[in-house]
Amino acid sequence: MIRSMLVSKWMSPAETVSPDTPFRRALSIMEQKAVRCLVVVDGRELAGILTLGDIREAMPADKITQMIWDVNNTWDTITVSRIMHDIVITIEPQASIAQAADIMLKHGISRLPVVDRKGRLVGILTSCDIYRMLVDSRRQQNHAAASAAYSRFSPVSA
């Protein structure tokens, strides 16, 4: 089953920003959209990925440094390009969910930008999308089993 499920069926739309998006704006988008990563695109080309973890690492660890950051407007001067990962592991929409899961496990990541053969972003596949696929598949199996059981015990019309 999982070998025949395609990434294109289960991927989600990707939230995107440009490399010159200010750090503060990127954080705001993540909060507003309730996402943990943003795909960075330059025009239509994939430029990188920015995760909530990247943002946490870039933020000052203590309150004094935080105040200095705020006073100097550092939040507005640092751009996404300075903290994003510019080497990104991707997958094509025609790949199977099994292939995607293998890649995610091998690299210890929970999301894969989905790009077409020309390298253009078409979506993102996250571990939550894979969970959704598994739950939906299980529901369909349960429904099919219940329907089969019902049809065996249904009275036959004469």
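The values are calculated or read from the model by the stated rules, or taken from the named source; none is laboratory data. Please read these numbers as outputs of a predicted model, since none were measured by experiment. Here Cβ is always computed from backbone atoms with ideal geometry, including for glycine, and neighbour counts include all displayed protein chains.
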| Quick one: is Val39 under 30 Å from Met133 (Cβ atoms) and surrounded by fewer than 19 Cβ atoms within 10 Å (Cβ to Cβ)? | no
| message | Looking only at residues that are farther than 14 Å from Thr16 by Cβ and at pLDDT 95 or above in segment 111-126, which one is surrounded by the fewest Cβ atoms within 10 Å (Cβ to Cβ)? | response | Thr126
| task | Quick one: Leu27 ticks every box in (1) modelled with pLDDT of 95 or more; (2) of a type outside the set (Lys, Arg); (3) crowded, with 17+ Cβ neighbours inside 10 Å except a single one, so which number is it? | result | (1)
| query | Among the residues of segment 52-75, is there at least one that is modelled with pLDDT of 95 or more and closer than 25 Å to Arg132 by Cα? | reply | no
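Looking at the structure I just gave you, is Ile103 loosely packed, with under 14 Cβ neighbours inside 10 Å, out of contact with any helix residue (DSSP H, G or I) (no Cβ under 9 Å at 6 or more places or on another chain) and of a type in the set (A, V, I, L, M, F, W, C)?
no
Is it the case, given these coordinates, that Ile97 is crowded, with 16+ Cβ neighbours inside 10 Å and at pLDDT 90 or above? Quick ask: steps written out before the conclusion?
Numbers: crowded, with 16+ Cβ neighbours inside 10 Å: yes; at pLDDT 90 or above: yes.
Taking the combined requirement at face value, the residue satisfies it.
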| note | When segment 1-17 is checked residue by residue, the ones that are buried (at least 16 other Cβ atoms within 10 Å of the Cβ) and assigned to a loop (DSSP other than H, G, I, E, B) are Met5, Met11, Ala14, Glu15
